[in-house]
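The values are calculated or read from the model by the stated rules, or taken from the named source; none is laboratory data. All values derive from a computational prediction rather than experimental measurement. We place every Cβ from the backbone using ideal geometry, glycine too, and count neighbours over all the protein chains shown.
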Amino acid sequence: MKANWKKYLPWVVFVAVGALLFGLFQHQQTRTPAREITFSELLVQIDEGRIHDVTISGNEISGHFNDNRSFTTYAPNDPGLVQKLESKKVQISAKPANDSPGWLSTLLVNGLPLLLFIAVWIYMARQMQGGAGRGAMGFGKSKAKLLTETQGRVTFEDVAGVDEAKEDLQEIVEFL
């Protein structure tokens, strides 16, 4: 039962990543794409009475035209903007500035290094278990082959054709 979870782990990770990607793309598809306009174009649209409503969030202004198309723009600190919007009877709503990053970027920034660290740790642990005996107590499980009498011994005749090797070996034997 101990090794059972190891064969299902890749599938669990695959399903989790798939669900995360599906949720990410599903969330992006529900948004209606807003047309980016310049601040001066926004002022022209306000003067012509084509703006239905605006939402001011920090320096970002988003809203809808009278034909229900959405727009977004970046606004400098203009003190006369609110009076101009009120004079044209535009619905104004305000939100606090959204300076916090999204949940996905927070998850990636915090979770990705942790997952990378765990993956490297598992890789290194598996590499340390490698070697001759596959584990800490594997010192008696050497894969070296024993030389037995049935396999025979290497003699000078087996090294035929290499005269220098024979001479070097004979010198060593004579020295000993």
Next on the checklist: Anything in segment 43-57 that is part of a strand (DSSP E or B) and of a type in the set (Asp, Glu)? List them, or say none.
Outcome noted: Asp53
Item to check | Matching residues in segment 1-21 - criterion: being over 17 Å from Gly111 (Cβ atoms), modelled with pLDDT under 75 and hydrophobic (A, V, I, L, M, F, W, C) | outcome: Met1, Ala3, Trp5
Checklist entry - Any residue at all in segment 27-39 that is within 28 Å of Thr106 (Cβ to Cβ) and touching a His at 6+ places or on another chain (Cβ under 6 Å)? => result no
Checklist outcome for this item: Going through segment 67-102 in order, the residues found to be surrounded by 10 or more Cβ atoms within 10 Å (Cβ to Cβ) and part of a loop (DSSP other than H, G, I, E, B) are Arg69, Ala75, Asp78, Lys88, Val90, Ala97, Asn98, Pro101, Gly102
Next on the checklist: Quick test for you: out of Leu114, Leu108, Leu169, pick the one residue that is under 30 Å from Leu20 (Cα atoms) and either outside any helix (DSSP H, G or I) or at pLDDT below 85 (or both).
Outcome noted: Leu108
